[in-house]
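K.L.:
Take this structure first; my questions come after.
What follows draws every value from the coordinates through simple rules; no lab data is involved. Quantities reported herein were computed from a predicted structural model and do not represent experimental measurements. Methodologically, a virtual Cβ is constructed for each residue, glycine included, from the backbone with ideal geometry; neighbour enumeration extends over all protein chains shown.
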């Protein structure tokens, strides 16, 4: 089953802003919206945002998400060393009736 | 506090079977759909299966269809994944995940290794 498309890696400097992208189609991201997950090495993923731009309680305002058409974006402002992690997007695919994930983006904070 | 605790992983030979369990607490279990999501070593996340709150509706990834069966016992606040005809490519950490419209809570995962 086809997944969502994410760039494999992004590198940005400390205190800079990083924008991660996730491209799907009209059956998933474009229809149901996307969620973003953060995963540090050796730990389970953590939900950062859902339904495109909603942030769970406890998640820093430095993380903001949006969607334009079939592409979702996660913007991380004021990068900190602890932001270095793998980031995944996910969405419900109404045609396949399954959840689909992106391949993940490894964010490096220089 | 929401807690999801997986168990049942381990080493199994190709072609073998394994049953994973997930014990849930801290929320009204029957009110939520639940998922199994896996992650092969060094790889990304992959949806395996989902089940509705009352157990009446299930979905499977193509890789799991015909081999895996998801089920739940709401009286025991437990989620299960019966896996059979296991292959080397099923080797992964299997996560139990709550679905509130998104994957909002994840367990720590249980490692399944398929190898002879």
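K.L.:
Can you compute the helix-only [θ] at 222 nm over chain A? Use -39500 (n - 2.57) per DSSP H run of at least 4 residues, normalise by all residues, nearest 500 deg cm²/dmol.
P.N.:
That calculation yields -500 deg cm²/dmol at 222 nm.
K.L.:
A follow-up question, please. Per-residue Cβ counts within 10 Å, from other chains only, averaged over A:37-47: what number is that?
P.N.:
Per residue, the number of nearby Cβ atoms from other chains is 4 on average.
K.L.:
Other chains' Cβ within 10 Å of B:58-66 residues: what's the mean?
P.N.:
Shielding by partners across B:58-66 averages 2.
K.L.:
Please compute the average number of Cβ atoms from other chains found within 10 Å of each residue's Cβ in peptide B:89-101. Don't skip to the answer; put the middle values down first.
P.N.:
Values: counts 0, 0, 0, 0, 1, 0, 2, 1, 4, 1, 2, 3, 7.
Partner Cβ neighbours, averaged per residue: 2.
K.L.:
Using the number of other C-beta atoms within 10 angstrom as an exposure proxy, rank B:58, A:21 with the fewest first.
P.N.:
With the sparsest Cβ surroundings first, the list reads B:58, A:21.
K.L.:
How many angstrom lie between the Cα centre of the range B:9-32 and the Cα centre of the range A:10-73?
P.N.:
Cα centroid to Cα centroid, the span is 28 Å.
K.L.:
If you don't mind, there's one more thing I want to ask. Could I have the simple spin-label model distance between residue A:96 and residue B:23, label points 7 Å from Cα toward Cβ, reported in nm to one decimal?
P.N.:
3.4 nm
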